Each structure stands twice: as structure tokens, then as C-alpha cells.
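The values are calculated or read from the model by the stated rules, or taken from the named source; none is laboratory data. Since the model is a prediction, treat every value here as computed from it, not as a measurement. Please note: Cβ atoms are built from the backbone with ideal geometry, for glycine as well, and neighbour counts cover all protein chains shown. The area values use the complete protein model at the heavy-atom level, side chains included, leaving out ligands, DNA and RNA. Shrake-Rupley method; radii C 1.70, N 1.55, O 1.52, S 1.80 Å.
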Amino acid sequence: MWMMVLVFLSDIFFVLLTVPTIVMASEKEIKEIYENGMNILEDLTNNVQEIQEQLLEEILKRNAGTEYLSRFFPNGQADNQSFKTNVPIITYEDIQPYIDRIANGETSSILLAYRIIQFLLSTGTSGGQPKLIPMTAESFEKRMSDLLLSDLVTRKCFSGSDEGKSLYLYFIKPEMETPSGLKASFFTTFYFKTESFKNGLAKFCTSPIDTILCLDNKQSMFCQLLTGLLQRDEVVRFGSTFASVLARTIKFLEDYWRELCSNIRTGYLSDWIIDPGCKNAMSLILTRPNRELANSIQQICEDKSWEGIIVKLWPKIKYIHCIITGSMSQYVSLLEFYGGGIPLVSPIYNSSESSFGINLKPLSKPFDVSYTFLPNTAYFEFLPVSKDGEGKAQETWTDDEPVDLANVKLGRYYEVVVTTLAGLYRYTVGDVLKVTGFYNKSPQFQFVERRNVVLSIDVDKTTEEDLSKAIMKAKLILEPLGIMLTTYSSYADTSLTPGRYVLFWELKMKGSNDLPKLDAKIMEQCCCMVEESFDFTYKSHRKGGAISALEVRVVKHGTFDELMDFYVSKGVSVAQYKPPSCLKSEEAVMILNSGMVGKFFSPKTMF
Ligand code: AMP
């Protein structure tokens with residue numbers, strides 16, 4: 001039976017490439033495309049163990065002789081069992097010397113048998129530098145099959161979404177070149193430049209490819225929004241890679257809607273758009289004055305409340321498509337507000353190292369999203385992570401052995417370890433996941449947190465998830481007052497003794513960008529609520545005086561955009577930017593401090 005599945009797998013990329021033809025296909029053909037995709041999904045998820053074992057065998061057959069792997073197989077026997085006994089579980093730092101040697105010109109065969117086509121830049125860093133992750137043509141295709149399968153599942157869920165266009169805000173970053181001549185770029189940059197994107201998904205997008213490929217993110221954003229507005233009646237999907245990009249898009253729209261309207265009204269493109277690709281692409285779309293369209297957009301944007309602005313501007317939108325889990329969950333309420341209740345679809349969980357899983361229930365509420373792992377992209381193992389009575393994932397691994405994909409247990413927390421077709425062997429990605437269920441035999445995981453993202457003053461350890469949960473509770477105090485907490489970050493301020501947690505909150509009134517009147521009593525209540533929500537260790541240290549009262553610094557609207565600009569100027573891609581829930585850089589703290597309009601502390605008497 002599973003041999004049949006493997007035959008299917010070799011065809012998956014070919015079959016899924018037919019997805020872009022959906023627009024031109026007849027109803028019968030569309031049905032067939034969906035059926036093919038769903039059959040593939042059923043086969044993948046029903047044969048998890050077999051596909052995983054076969055994949056590991058294949059990886060070892062090809063790569064056991066490499067300099068990196070051969071030292072773990074002294075007697076030459078490189079089977080799946082000896083792989084698990086002999087090959088160590090590693091982090092990036094362990095494999096970095098090999099990657100650096102390849103980047104400096106040595107043959108990639110020291111690490112893997114197949115040719116590296118380029119490196120991917122991960123947003124994770126090592127020693128301040130972005131991590132370089134090898135990519136082969138084959139590993140790229142595997143990622144694509146997950147992306148396309150996910151797209152198919154989402155479209156199937158929303159009838160009629162095949163008929164229109166996607167307003168997807170996509171951006172690229174300049175590539176780097178390593179001394180060996182191999183390029184290094186973010187995955188999104190690489191993907192948007194491929195023929196499969198240009199001839200495939202890009203055909204659904206309102207943004208002309210040249211506006212996506214423009215290196216100036218501001219010109220690119222302006223032109224992409226302009227084309228999206230010009231085609232507003234055709235747009236059925238709104239999205240981007242991460243929710244943070246959409247938050248930035250809405251802010252840009254607030255700042256530029258008048259100018260966008262004026263371009264539409266006059267038929268002339270603003271003269272600060274000087275990128276030749278953008279100018280050329282826009283000359284084909286912005287061909288005449290359209291006073292009527294400009295007036296309708298102006299009327300919508302002049303409305304005092306921007307609640308539901310997305311659906312008002314693009315009335316046929318069926319869903320908003322972007323990653324909204326993990327550190328992106330802080331944007332859920334913002335997108336719910338501006339989206340006016342359109343479903344938020346968090347489609348996929350992946351990283352530069354590998355693609356992991358897709359969301360098979362696109363209509364799940366953002367905080368209930370789980371990703372079903374697909375067994376054909378990489379060989380997965382899971383390190384059990386200990387948890388306390390409150391179900392909180394701790395930083396430490398247990399002494400338990402790693403388990404295979406097919407053997408994870410419902411309700412348990414794990415850190416994911418990957419062995420890829422592109423030279424990573426038992427590599428810890430740094431993400432903690434929780435098993436929430438199974439689809440056929442394939443486990444489904446909720447993204448819990450990025451390991452090591454913690455606030456800590458003493459022995460207390462506050463994870464990204466703890467912080468997010470505590471802030472969600474405090475938000476409940478603000479919401480009835482019409483105050484929105486649009487984004488947040490934090491840092492452990494140890495410049496004084498004892499140190500304290502400092503939270504930065506960007507607040508605004510619902511329906512306008514006005515800064516709310518900050519009532520000290522209410523803000524203190526919020527500080528208390530956050531502290532109350534932290535764990536026993538935090539509270540006992542706070543009570544014992546080892547931690548000072550928590551501080552909330554309110555920053556003005558737009559301050560977090562400056563933080564993003566700062567990270568983008570350091571080389572982070574806009575498309576892959578994730579606002580840090582915890583700041584490690586002094587410069588970043590200074591940027592947020594410069595937008596501060598008020599600070600509040602937990603009352604001394606609290607504990
Ligand atoms: P990068 O390698 O720069 O693309 O970053 C990959 C990391 O982004 C992952 O290891 C996760 O920590 C995070 N990430 C990617 N997809 C998701 C998702 N769907 N939900 C939460 N976090 C995600």
C-alpha cells in the first residue's frame with residue numbers, strides 16, 4: 001500500500017502545480033484538482049510511519065558518506081536505528097563550522113550529497129549573524145508542495161474564492177553573496193523570484209510582480225495598495241506572510257490613503273515612485289483618472305471609525321490569510337477589528353530549516369489553530385519538554401528519549417528536531433509545540449512558543465506564552481473602555497537592583513488613532529493583572545523583594561513601526577519580520593522609550 005503512496009509523492013509537485021490553473025479551469029476540472037490534492041493529503045496522513053522511515057533511509061543512503069555524518073558510523077553501517085543511536089542532537093552552533101566552510105568555498109559534499117542551490121537566511125541569529133541554512137532544488141520543491149497543498153485546503157473551505165484575486169502584500173530583501181559565490185536570501189525573497197511563483201500564485205495576485213520585487217519597501221507598499229484599490233471589486237483574499245506585515249499595511253493605509261485616492265482621481269502616479277519596475281507596472285494599470293472610485297474610497301476612509309475598513313474597501317473578501325499564531329497572536333484583535341469579522345486563516349507552520357505542517361481547519365479561531373505535520377518534507381523527532389502543573393512548558397528537556405512523529409502523545413509538549421534532505425541532521429529548531437490531536441495518523445500541533453524567549457530577573461522564567469496570556473487578561477480591563485492594545489513587547493530591566501519586567505504597550509482608541517486618556521488607576525490595575533497572571537516563582541520572588549514592581553510604558557501610535565524599521569535596517573526581511581515579544585537589544589529599547597507617553601507601575605502594596 002505505502003509503495004503506492006511513494007509513487008504518488010513523486011507526483012505531488014506536478015499535480016499541485018496545476019493549482020494555479022484553477023482560475024482558467026472548468027468546474028469539473030476544479031473538482032478533479034481538489035480531489036487529487038485531497039487524495040494526496042489522505043495518503044500522506046495515513047502512512048506517516050512508513051513515509052518517515054523511508055525518507056530517513058533515503059537521506060542516509062545519500063549522505064552517510066559525507067564528512068559530517070561518516071564519523072558517526074565508524075563501521076559503515078548507516079541504518080535508521082544506528083542513526084538514532086549514534087548521531088547527536090545538535091543546535092546551529094554545532095553545524096555552523098561546516099556551513100561556514102561551504103560558504104567560504106569548500107565543497108558542499110562535506111555535509112550533503114546533493115548540490116546546494118543557495119543558503120536561506122533565517123531570522124534566528126547566531127553570534128549576532130543570521131543563520132545560513134542550506135537549500136537544494138529538491139528541498140525547495142518539498143516546501144512548495146506543502147504551500148500549495150495548504151492553499152488548496154483553504155480555497156476548498158471558502159466557496160467562490162477561486163473566482164477572484166488575492167491582495168497579498170509581499171516584499172523582498174536584497175540577497176547576500178557568500179565568498180563561495182553561493183547566494184543567501186530569505187525564503188520569501190527566493191520564492192518570489194522563482195518562475196513557479198511568477199507563473200503560479202502571482203497570477204492570482206493584484207500586485208504586479210515588479211512591485212513585489214521592488215527593493216524599496218515603501219514604494220512597493222504604495223504600489224501594491226494602489227493596485228489593490230484599483231481592483232477592489234475583484235479582491236477575494238487579503239493577506240501576507242505574517243500578521244505583522246498586515247498590521248503595518250493598515251498603518252500605511254492610514255498614512256497614505258489621501259495620496260492613494262489622489263493618484264486614482266488624477267490617473268497620475270506620485271512622483272516619488274521612481275523604481276523603474278514599479279513605474280512601468282503601474283503605467284499599465286493606472287491608465288486613466290477614476291474620480292468615482294477615488295470618491296468611494298475617500299468616503300470609506302473618512303469615516304470616523306475604521307472598524308471593518310478591510311471589508312469596506314474590499315467588499316468581496318472572504319478571508320484574511322497570514323500566520324497569526326505564536327508571537328503573531330498579538331495582532332489577532334487588531335486584525336479582527338480592521339477585518340470586521342472576516343475569518344483569519346493561519347495557513348502554515350514552516351521555517352528556513354523545513355516546512356512542518358499545514359492548517360487543515362482554516363476556519364479555526366486563531367488561538368485554536370493546530371498544524372498537521374506532513375511526513376514527506378523532513379524526518380521529524382520530538383524531544384519531550386517538561387511542564388508544570390499549570391501546563392506551562394519549561395525551558396528544560398526531560399531525560400526521555402526523543403520520539404518519532406508517529407509516536408507523540410496527545411497533550412504533551414515537545415521541541416521539534418529535524419533531519420532534512422538539505423544537510424541538517426537531528427537539528428533542534430527551537431520551537432516548542434503541543435500535540436492537540438491527530439488527522440488520520442498524522443499528529444497535529446499547536447505552536448506554543450519559541451524556546452528561550454523568556455523574561456527573567458532571578459530564577460523566575462517567564463516564557464513568551466506566559467507573557468501573552470497575562471497581557472490578554474489585562475486587555476480585558478481596557479477593552480470595555482474602548483481602548484485597544486495594538487502591539488506589545490518587553491524587556492527585563494536589570495539596570496536597577498532589584499530588576500523589574502518592563503512592558504511596552506502601544507494603545508489607541510477603537511475607531512481612531514487617538515491616544516486614550518490614561519487613567520493611572522486603570523493602568524495600575526493592568527499592571528497588577530499581568531503580575532497576578534504570572535507563575536508561582538515570579539510571585540514569590542516579587543513578594544520576597546527579589547523582583548521590583550512591574551512597569552508598563554505606554555508608547556504612542558506608530559512607535560512599533562519604528563522598531564520594525566530598525567530591525568529591517570539591520571537586515572531583517574519585512575516579509576519575515578516578527579516583532580520580538582522580548583527585547584534583547586539596547587537600541588530597540590531606546591526606540592520604544594523614545595515613543596513613551598506614560599509609565600505606570602504595579603502598586604507597592606500588591607504582594
Ligand atoms: P524563519 O526561519 O526566519 O522563517 O523563522 C521560522 C520561525 O518562525 C519558526 O521556527 C517559528 O518560530 C516561527 N513560525 C513560523 N511559522 C509559524 C507559525 N505558523 N506559528 C508560529 N510561529 C511560526
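Of note:
- Some residue of the range 548-560 being touching a Pro at 6+ places or on another chain (Cβ under 7 Å) and either farther than 21 Å from Met590 by Cα or at pLDDT below 95 (or both): yes
- Residues of the range 427-441 that are at negative phi and either within 13 Å of the ligand (Cβ to nearest atom) or crowded, with 22+ Cβ neighbours inside 10 Å (or both): Tyr427, Thr428, Val429, Asp431, Val432, Leu433, Lys434.
- Residues of the range 584-607 satisfying the condition of being modelled with pLDDT under 90 and touching a strand residue (DSSP E or B) at 6+ places or on another chain (Cβ under 8 Å): Lys584
- Criterion (touching a residue at least 60 places away in the same chain (Cβ under 8 Å), in a helix (DSSP H, G or I), in contact with a strand residue (DSSP E or B) (Cβ under 9 Å, 6 or more places away or on another chain) and assigned by TED's automatic domain parsing to the domain that holds Phe252) met by exactly one of Thr189, Thr227, Thr154: Thr189
- Residue in the range 110-125 that is within 24 Å of the chain's Cα centre (by Cα), open to solvent by 30 Å² or more (accessible area, probe 1.4 Å), aliphatic (A, V, I, L, M) and within 16 Å of the ligand (Cβ to nearest atom) present: no
- Just so you know, in the range 563-592 the residues that are closer than 26 Å to Glu465 by Cβ and among the polar types (S, T, N, Q) include one that is surrounded by the fewest Cβ atoms within 10 Å (Cβ to Cβ), and it is Ser585.
- The helices (runs of 4 or more DSSP H) falling completely within the range 255-372 that include 1 or more residues that are at negative phi, within 16 Å of the chain's Cα centre (by Cα) and within 16 Å of the ligand (Cβ to nearest atom) map to 332-339.
- Among the residues of the range 169-186, those that are open to solvent by less than 20 Å² (accessible area, probe 1.4 Å) and closer than 28 Å to Phe252 by Cα comprise Leu169, Phe171, Ile172, Ser185, Phe186.
- Residue among Ile483, Ile471, Ile457 that alone is modelled with pLDDT under 85 and either of a type in the set (Lys, Arg) or away from the ligand (no atom under 16 Å from the Cβ) (or both): Ile457
- Those helices (runs of 4 or more DSSP H) of the range 33-137 in which 2 or more residues are within 27 Å of Phe445 (Cα to Cα) and of a type outside the set (Lys, Arg) occupy 48-63, 80-86, 92-103.
- Any chance Tyr256 is of a type outside the set (Val, Ile, Thr) and open to solvent by 90 Å² or more (accessible area, probe 1.4 Å): no
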